[in-house]
Amino acid sequence: MISKLKPKPKSCPDSRARSQRGVSMIEVLVVIVLFSFGLIGMVGLQAKAVQTSVSAEDSTRAALLANEMASAMWAAGTVTLPTGDITTWNTRVADASSRGLPNGAGTVTVTAGVATITVTWRAPHEPAGTVHNYTTQVQL
């Protein structure tokens, strides 16, 4: 005997199914909001990392510029250099577009045979009162 399969009657949606409508959409929206906050946080961290990297580069550049002046003193055999050499070096320190420093200035003072070389600068994103210094002394 072959029995005929009766089609299953269509069931009408119960109240639970009706209350679940749109829940997936809300879940997706919450995930998108959380993901957006995460991305904003990552962008902030990246900006801070770039800022720190630029600051480290400026510090290294200041040390190299001061070393350049100290090397000129060693080459001349004296800590007292001609004014023209110091002026040229100072111009190079102040020229940020040509391996100098932003808002940079260099000073050389000689006291009792000891030259104090100071390089100061301020990054463009920092407030006007913020100044960074690099100082070295040379005695021949």
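Restricting to region 127-138, count the residues that are within 13 Å of residue 62 (Cα to Cα), touching a Lys or Arg at 6+ places or on another chain (Cβ under 8 Å) and surrounded by fewer than 17 Cβ atoms within 10 Å (Cβ to Cβ).
Count: 1.
Might you check whether a residue that is touching a Lys or Arg at 6+ places or on another chain (Cβ under 6 Å) and under 30 Å from residue 50 (Cβ atoms) occurs anywhere in region 75-98?
No - not one qualifying residue is present in region 75-98.
When the residues of region 79-102 are filtered to those that are within 20 Å of the chain's Cα centre (by Cα) and part of a loop (DSSP other than H, G, I, E, B), which remaining residue is surrounded by the most Cβ atoms within 10 Å (Cβ to Cβ)?
Of everything passing the filter in region 79-102, 101 is surrounded by the most Cβ atoms within 10 Å (Cβ to Cβ).
I need a count of the residues in region 61-78 that are exposed (fewer than 11 other Cβ atoms within 10 Å of the Cβ) and in a helix (DSSP H, G or I).
Here the count works out to 1.
How do the pairs read when you match residues in region 119-140 that are under 16 Å from residue 101 (Cα atoms) and modelled with pLDDT under 90 with residues anywhere that are acidic (Asp, Glu) and part of a loop (DSSP other than H, G, I, E, B), using Cβ under 8 Å and keeping only pairs 6 or more apart or on different chains?
none
Any residue at all in region 103-126 that is more than 21 Å from the chain's Cα centre (by Cα), among the aliphatic types (A, V, I, L, M), surrounded by fewer than 12 Cβ atoms within 10 Å (Cβ to Cβ) and within 19 Å of residue 73 (Cβ to Cβ)?
yes
Please tell me if residue 54 is β-branched (Val, Ile, Thr), free of Cβ contacts under 8 Å to residues at least 12 places away in the same chain and surrounded by fewer than 17 Cβ atoms within 10 Å (Cβ to Cβ).
no
Return the pairs, sorted by first residue and then second, in which the second residue is surrounded by 12 or more Cβ atoms within 10 Å (Cβ to Cβ), the first residue lies in region 64-90 and is among the β-branched types (Val, Ile, Thr), the beta carbons are less than 6 Å apart, and the residues are 6+ apart or on different chains.
79/73; 79/110; 79/115; 79/138; 79/140; 80/110; 86/108
The values are calculated or read from the model by the stated rules, or taken from the named source; none is laboratory data. Remember, predicted model here, so these are calculated numbers, not experimental data. A quick note on method: Cβ atoms are made from the backbone with ideal geometry, for glycine too, and the neighbour counts reach across all protein chains shown.
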